[in-house]
């Protein structure tokens, strides 16, 4: 037997027990006649003691081991004279009677500590060492517990987990597919699923009623920070439901996860229209941990002769409470530069400071009377000490810019507090998005999303402007400004689905070639249905107040889509390509 | 709301309730003034009644619906006069007050009944209709319950479910990989994992201690019946364990699954050496629902002048209890033809009948004395009425042939009883298999399997014969003659792993290129570890006495690797290939 106990479980009650432990050497220290080794495994750290007096030979060989050696030690649990209250095993140590080196180790390329000296690149190359570190290890354990709780909750609510296939069919709609050449059918290709969307809808046609799956999805996109070519979804679909049935179910799931895994009781989630969110927060994923709502100033600020505002479609501001003192001219200049960066794209920034002493300072003081500026302050509930930040320009752009500024101010003001969770459902997204370049509509959610019931007639006969303003029965769950997931009620009527494909610029033949199986299925009694998918990696990160998903993924890819640990992708033998009927393109 | 209840839950206690049901029309019958509709959903069937007297218009439109229409009906639960004891809802029916057609249906291409008139091809093409049938639906629900129980059990035993990547690296060892061209790294390819083998070992190096995953695996093999290019494993790995720790854990899991899902209490699983299994059952996956052990007759049957036996390496038989009467000359001739088919490959079949009246009849009566033949019967515990079946030839071949014959006899004799479950662990498999054609050894399990501890020295220095007879610390779980899974203790020592690669004919460079990351990891304190993987599809089938895995997979591929429902694989746009730097080979 390699061990009687793990390295995290021995306590003062075990004093006198003969035990065997196995693990990695975290560190060792020699003090005169004694050698102390901290032995580590997944469960904790236990101190081993070797004595020169008791067994010189053994103690000397213990001194020859190094960090990350794997050893087995047998000995007796005894009380420590010098206790460590920060460690669960800190009251005891092992008086070692015999030990064995199970495997040696080279000196690791970075320290196996909570705060490591290893950079990202090195940590990824030696991910198997990185995972030995508590923060990464705990993230992976959290993820495992979270997926089990999801399954217990949904499995306990009559949901059936059905595995949908990975080798499916490529569809040009949406993101780019990874494709897989078929050897048995040369010249043909499978595609890896971007999501199980069509299969879960087929499962509804199949009468499965309540489906879920925690499932890998694949997108061959140009990778941005925190995007992964393979990622995991909690994917669900339900039949004979309306939107609120789905929202209630997944609000229940989310509350359950926060309660069981974080001990946090969430209140009922507010529900907010997409239009309202865009108008009030400049984003369809508003962070509601803080207020700082947008206030539109068109009525008060336009037509007073300040051409920047007069020429703008929208003048809109936020009130940064208590910040007038915090922002020197230099700080405001820096903030102005920040909003003018190409990533944000504002042309300038107008500020108004309501100083503690009653003075008003503003970058537009010479264009407006104090009274006029005070009227802005009244509308924006400004108190002495507050600072207004105002942007102007085209409606969509300026909202987006102010949304970014709102977040930046919240960061600066320390308003994004750990342990504070503010979920919100965003409802009634637009059905279609017009793409100027492609000169066609794209589905905002996906081509199977139903319009809201009251919009179906408009959809069938509407003109361009009507179509652009159509609302979908689609929804997103947002927590602390991060999109956790989204879904929609689906179209279950073949005719309406065909209409939607035609709005999206599919010819009948294209729709038939790509989605014929789904349209065919709709001929045989498709029930009303809808669903949702959560980004599982993101959910785990948000539940732990972390902004990156990477350390919730055991073996992530880097921004070039590479696994630098195993060195994938890699070339393959010519023979493999020949078998697949492929060759590398010469041009 | 689409429904207040599902179609499986209303009982006599609900009489008088106003309810709303939604579902599919299973069937409808008109009797004079009444129309009866059986409404079906995942949960059951409930009878709806429409009355011409009460609402002529509604009843007439109900009569216009057809099979598999989706309808919603509101009405009142009432007691049936003509009860159906075979249906949980059979005591009640719904007196329909209003109804709505939610979707119509074409006439389905086969009947949605437990026994359908649809052939395999049609069922697969319309899988979404096939899944509406109880047997397929129940299989998928069983699978879902089974995976949840696996997770509860392992999750409750400190196992961490870690998702390993799908986009990995191709290795020529083992079966053929599916490969995935990389667009961001043109000319390079990912491979889909045949199993998470190397990653789970890296997780042990990473200190994860106990890992599991229910995970899709991929093999691009020429498909045989009941093989799928994508299949699911319960995959596990543990650190600081010996073989029996792993066997005990997964025997515990298997017992738990049988108990919770089938109500079957399994006794402790017998453990059997590979050599014994081959010698006694001619198979490393013996079906122990019946005895019929092999008895070797070399001592009694060779050297008596019957050249067929004299020239054979092995003369070996089974005793088909009580079968002498059952097998006419004609039946024996048929059996002889059966063993001579190329799939079995025996040269002939010798029988001995010990008739009820004491007579002995045998196909080799003229070569052996009655006394000699009786001595065979004594050794094989033959009673009056028994029939011995004897094959002879080369050891390995004849064992395999007699193993097949043993199964065939058990089928004929009705010895494979449903509900009878006989698990067995097969231990100590050979480490290496010699391949005459390739003129090299292959790993019988995989290249990471450790030899048994006592064989390590032999492995380092042994000659060809010694190497051929090396035993691995590898094991399989077999239930009712089906291999449920297997695993091994792994090599955790870099030097031994390198030795194994060299025995398998890898040059140092090849080993480094393909498995350098694993060999590298072994430099940093790899713990002793081992693991196992169960075939999840197979486990589900065996637990339900079914021989095919196909109906435990929601959307299986056919024998050409095609999904005939969605028509995958398919051609892709030339543009996609250009982006990937690929072209179809012209030759």
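For an R0 of 35 angstrom, estimate the FRET efficiency from the Cβ-Cβ distance between residue B:420 and residue B:558 and round to the nearest 0.05. List each step's numbers first, then the result.
On the way: r = 32 Å, r/R0 = 0.91.
The formula returns an efficiency of 0.65 here.
Just checking the output field for A:199-211: average partner chain Cβ neighbours within 10 Å of each residue's Cβ?
Details: counts 6, 0, 1, 7, 6, 1, 8, 14, 15, 9, 6, 1, 3.
Average per residue, whole number: 6.
Mind checking the full-extension length gain between residue B:395 and residue B:86? Use 0.36 nm per residue of separation minus the Cα-Cα distance, one decimal, nm. Walk me through the intermediate numbers first.
Details: separation 309, 0.36 × 309 = 111.24 nm, distance 5.47 nm.
Answer, rounded to one decimal: 105.8 nm.
With each pseudo-label sitting 7 Å past Cα toward Cβ, what's the residue A:548-residue B:547 distance in nm, one decimal?
5.5 nm
Between the range A:128-199 and the range A:324-362, how far is it from one alpha carbon centroid to the other, in angstrom?
Spelled out, the Cα-based centre of one part sits 46 Å from the other.
Where the centroid of each part is defined by its Cα atoms, how far is the range B:1-79 from the range A:496-571 in Å?
Answer, in whole Å: 38.
I need the inter-copy label distances for residue A:95: point set 7 Å along Cα to C-beta, values in nm with one decimal, smallest first.
Reported distances to equivalent positions: 8.6 nm.
How far, in degrees from 0 to 90, does helix B:508-521 lean away from the longest principal axis of the Cα atoms of chain B, to the nearest 10?
Computed tilt is about 60 degrees.
Helix B:395-412 against the longest principal axis of chain B: what's the angle in degrees, Cα atoms only, rounded to the nearest 10?
Relative to chain B, helix B:395-412 is tipped by roughly 30 degrees.
Place the label 7 angstrom along Cα→C-beta at residue B:260 and in each other copy, then list the distances from the first to the rest in nm, shortest first.
1.2
Packing-wise, with mean Cβ within 10 Å as the measure, how do A:338-346, B:176-184 rank, highest first? Walk me through the intermediate numbers first.
Numbers: A:338-346: 13.9, B:176-184: 22.7.
Sorting A:338-346, B:176-184 by mean packing, highest first, produces B:176-184, A:338-346.
What is the packing order of peptides A:451-457, B:461-467, taking the mean over residues of other C-beta atoms within 10 Å and listing the highest first? Spell out each step's value before the answer.
Details: A:451-457: 15.1, B:461-467: 11.1.
In descending order of packing, they fall as A:451-457, B:461-467.
For residue A:64, place a label point 7 Å out from Cα along the Cα→Cβ vector, do the same in each other copy, and report the separations in nm, one decimal, smallest first.
Those separations, rounded to one decimal, come out as 9.3 nm.
Summarise the partner chain shielding of A:574-585 as one whole number: the mean count of Cβ atoms from other chains within 10 Å of each residue's Cβ.
Values: counts 0, 1, 8, 5, 2, 3, 8, 4, 9, 6, 7, 9.
Counting other chains' Cβ atoms within 10 Å and averaging over A:574-585 gives 5.
Over all distinct alpha-carbon pairs, what is the Kirkwood Rh of the protein assembly as shown in angstrom?
Working: mean 1/r = 0.0289 Å⁻¹.
One decimal place: 34.6 Å for the Kirkwood radius.
Viscosity 1.306 mPa s, temperature 10 °C: what is the translational diffusion coefficient of chain A from Stokes-Einstein with a Kirkwood Rh over Cα pairs, rounded to a whole number of µm²/s? Display every interim value, and only then the final one.
Values: Rh = 28.6 Å.
Translational D for this selection: 55 µm²/s.
Compute the FRET efficiency between residue A:296 and residue A:113 as 1/(1 + (r/R0)^6), taking r as their Cβ-Cβ distance and R0 = 60 Å, and round to the nearest 0.05.
Details: r = 51 Å, r/R0 = 0.85.
Between residue A:296 and residue A:113 the formula returns 0.70.
Quote to one decimal, in nm, the extra length available between residue B:289 and residue B:275 on full extension: 0.36 nm per residue of separation minus the C-alpha distance between them.
On the way: separation 14, 0.36 × 14 = 5.04 nm, distance 1.97 nm.
Here the answer is 3.1 nm.
Residue B:457 versus residue A:457, label points 7 Å from Cα toward the beta carbon: distance in nm?
With each label point 7 Å from Cα toward Cβ, the separation is 9.2 nm.
Averaged across A:522-532, how many Cβ atoms of other chains sit within 10 Å of each residue's Cβ atom? Please report the intermediate quantities before stating the final value.
Numbers: counts 3, 6, 17, 19, 6, 9, 6, 1, 0, 0, 0.
Shielding by partners across A:522-532 averages 6.
As a test of the formula, what do you get for the protein assembly as shown when each DSSP H run with n ≥ 4 contributes -39,500 (n - 2.57) and the sum is divided by the residue count, at 222 nm and rounded to the nearest 500 deg cm²/dmol? The partial results should precede the final answer.
Numbers: 36 runs with 344 residues, N = 1174.
Rounded to the nearest 500, the figure is -8500 deg cm²/dmol.
Divide the volume of the convex hull of the Cα atoms of the range A:290-412 by its number of residues and quote the answer in cubic angstrom per residue. If you can, show how the numbers build up before the last one.
Details: hull volume 11.6 nm³, N = 123.
About 95 Å³ per residue, rounded to a whole number.
Expressed as a rounded percentage, what relative contact order does chain A have, with Cα pairs under 8 Å and six or more residues apart? List each step's numbers first, then the result.
Numbers: 1071 pairs, mean separation 74.2, N = 587.
Averaging sequence separation for qualifying contacts and normalising by length gives 13 percent for chain A.
If I fit a long axis through the Cα atoms of helix B:370-379 and take the longest principal axis of the Cα atoms of chain B, what angle between them do I get, 0 to 90°, rounded to 10?
Between helix and principal axis, roughly 60 degrees.
With a point put 7 Å past each Cα toward its Cβ, work out how far residue B:513 is from residue A:567 in nm, to one decimal.
1.0 nm
When the convex hull of the C-alpha atoms of the range A:12-103 is computed, what volume per residue in Å³ does it have? Can you show the working numbers first?
Working: hull volume 8.5 nm³, N = 92.
Dividing the Cα hull volume of the range A:12-103 by its residues yields 92 Å³.
Readers should treat all values here as calculations from the given coordinates under stated rules, not as data from a laboratory. Predicted model, so just to flag it, every value in this text is computed and none were measured. Positions of Cβ are generated from backbone atoms using ideal geometry, with glycine treated the same way; all protein chains shown enter the neighbour counts.
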